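*Asks:* The structure under discussion is supplied below as structure tokens; questions concerning it will follow.
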Amino acid sequence: MGSRNPDRVGIPERFHLGRTVGDMARQRWEVISRCDTCGLMMLVDLKLIAFVRGPNVSLWNRKARCRRLLCPGHVTFWAKAPGMAGHDPLTIDTRVPDVRPGWVERRLAGRTPAGKPEDG
Ligand SMILES: [Zn+2]
């Protein structure tokens, strides 16, 4: 009676569990994209995104171009974590700006100045 129904745990409470596509894939979240214009819905391949873009990519508060030919719309992402009854939009009110994955920072920081001859 006093216990909380897992269905009632909304997506904001799960933010810390599935911040990145890597986290979501590991915990078997089901993520779909839905076009605001044409309504096209597609299953998001989390493992593919983690492979191509890196496991630290986040889909929270993200929009992407619709994949349907000639559709000018944008998709929003919806997620269903294990135990949830349905999909909730992946939006969160974070005052923190979207942090780039660490490897991007490292790549930018590690860039050596070009054309500088080495001593010796
Ligand atoms: Zn569309």
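*Asks:* What are the pairs, 6+ residues apart or on separate chains, where a residue within segment 10-36 that is within 17 Å of P55 (Cβ to Cβ) has its Cβ under 7 Å from a residue that is of a type in the set (K, R)?
*Replies:* Sorted first by the residue in segment 10-36, then by its partner, the pairs are A25/K47; W29/K80.
*Asks:* Let me ask something else about it. Scanning segment 36-74 for residues that are within 9 Å of the ligand (Cβ to nearest atom) and part of a strand (DSSP E or B), which turns out farthest from D88 (Cα to Cα)?
*Replies:* That would be R65.
*Asks:* Looking at D93, D119, which one is part of a loop (DSSP other than H, G, I, E, B), modelled with pLDDT of 60 or more and exposed (fewer than 10 other Cβ atoms within 10 Å of the Cβ)? Before you say what the answer is, go through the steps one by one.
*Replies:* On the way: D119 fails: modelled with pLDDT of 60 or more.
None of the other options fit; the residue is D93.
*Asks:* Right, something else. Tell me, please, whether a residue that is open to solvent by 50 Å² or more (accessible area, probe 1.4 Å), at pLDDT 95 or above and not in a loop (DSSP other than H, G, I, E, B) can be found in segment 11-29.
*Replies:* Yes, there is a match, as at least one residue in segment 11-29 is open to solvent by 50 Å² or more (accessible area, probe 1.4 Å), at pLDDT 95 or above and not in a loop (DSSP other than H, G, I, E, B).
The values are calculated or read from the model by the stated rules, or taken from the named source; none is laboratory data. Small disclaimer: the values here were computed from a predicted structure and weren't measured. Don't worry about glycine lacking a Cβ; one is built from the backbone with ideal geometry, like all the others, and counts go over all protein chains shown. Areas reflect the complete protein model, heavy atoms only, side chains present, ligands, DNA and RNA absent. Shrake-Rupley method; radii C 1.70, N 1.55, O 1.52, S 1.80 Å.
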